[in-house]
Amino acid sequence: PTSAPAPANAPAPTYGDCNIDDFLPKKSVPQLGDRGSVPVNMSDSDAFSSISKGHGSMQAVLTSRQRNLQIVRAMWTAGNKTAIESAIGMNDQAVIVDLLNVFNQKPGLWSLDLCTILLPQVKDIMGSKYDNYILTGCDALKAILRNFATVIKSNLEVPSSIGVDISREERHQKCKACYDILMMIRSSLEQKGRPSGKLGSKYREIQVLFNQLD
């Protein structure tokens, strides 16, 4: 059975660097506010009380995400583009991350059309404060650059004005849109420097793949 969302005055503690509000839907459930982190020296009874108070918020997060993913799954038969546009309209970044994880496991699902639609979302995810979101964005970028960098670069020139080639003009517009967003992502990554660990390794792989656009 579906549980009711947490009431507006329900406590929403943060655990470590993870703020529960970041995962609540932006429209359907009220923002609950940052109430600070759980103290490390909290007693067992206080810790249990804090966890219990946060249960309603987490339940709202999981219920909303399940509902949104069920909607996207139901629409998938209508075409990938329709389902993805619906997911974007939900304004829930967690749903986009879940969707990208599917694409990352099945790179053959990507198309130039979907690159155009999803790259702005990937750009936002690359600015997340959560490393697992960024890693998902990195894998999506790797798939896009490996499969479409050559296509994008070769279609950046404005089509000749001689004759009318609608498909070529549309392809040029899509490739130009993808290129512009990719360059913004590239610039942002360069400004961040080179983090250590798995994230740093992903950044270096992407920077090499970006060279295909030069």
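The values are calculated or read from the model by the stated rules, or taken from the named source; none is laboratory data. None of the values given here were measured: they were computed from a predicted structure. Surface areas here come from the heavy atoms of the whole protein model, side chains and all, with no ligands, DNA or RNA. Shrake-Rupley method; radii C 1.70, N 1.55, O 1.52, S 1.80 Å.
For the pairs LYS123/LYS176; LYS106/LYS202; LYS81/LYS176, note any where the Cα-Cα span goes beyond 21 Å.
Flagged as over cut-off: nothing, all pairs pass.
Need one value: the accessible area of MET183 in square angstrom, 1.4 angstrom probe, rounded to the nearest 10.
50
Using the heavy atoms of the protein chains alone and a 1.4 angstrom probe, what is the accessible area of the stretch 125-214 per residue in square angstrom?
Accessible area per residue, the stretch 125-214: 56 Å².
In the stretch 96-171, carbon and sulfur make up what percent of the accessible area (probe 1.4 Å)?
C and S fraction of accessible area: 50 percent.
Can you sort ARG194, ARG186 by 1.4 Å-probe accessible area, starting with the largest?
Details: ARG194 200, ARG186 30 Å².
Listed by decreasing accessible area, they come as ARG194, ARG186.
Quick one: what are the phi-derived ³J(HN,Hα) couplings along the stretch 191-207, Karplus 6.51/-1.76/1.60 with θ = phi - 60°, whole Hz, x for glycine and proline?
Per-residue couplings from phi come out as 6, 6, x, 10, x, 8, x, 4, 5, x, 5, 5, 4, 5, 4, 5, 4 Hz.
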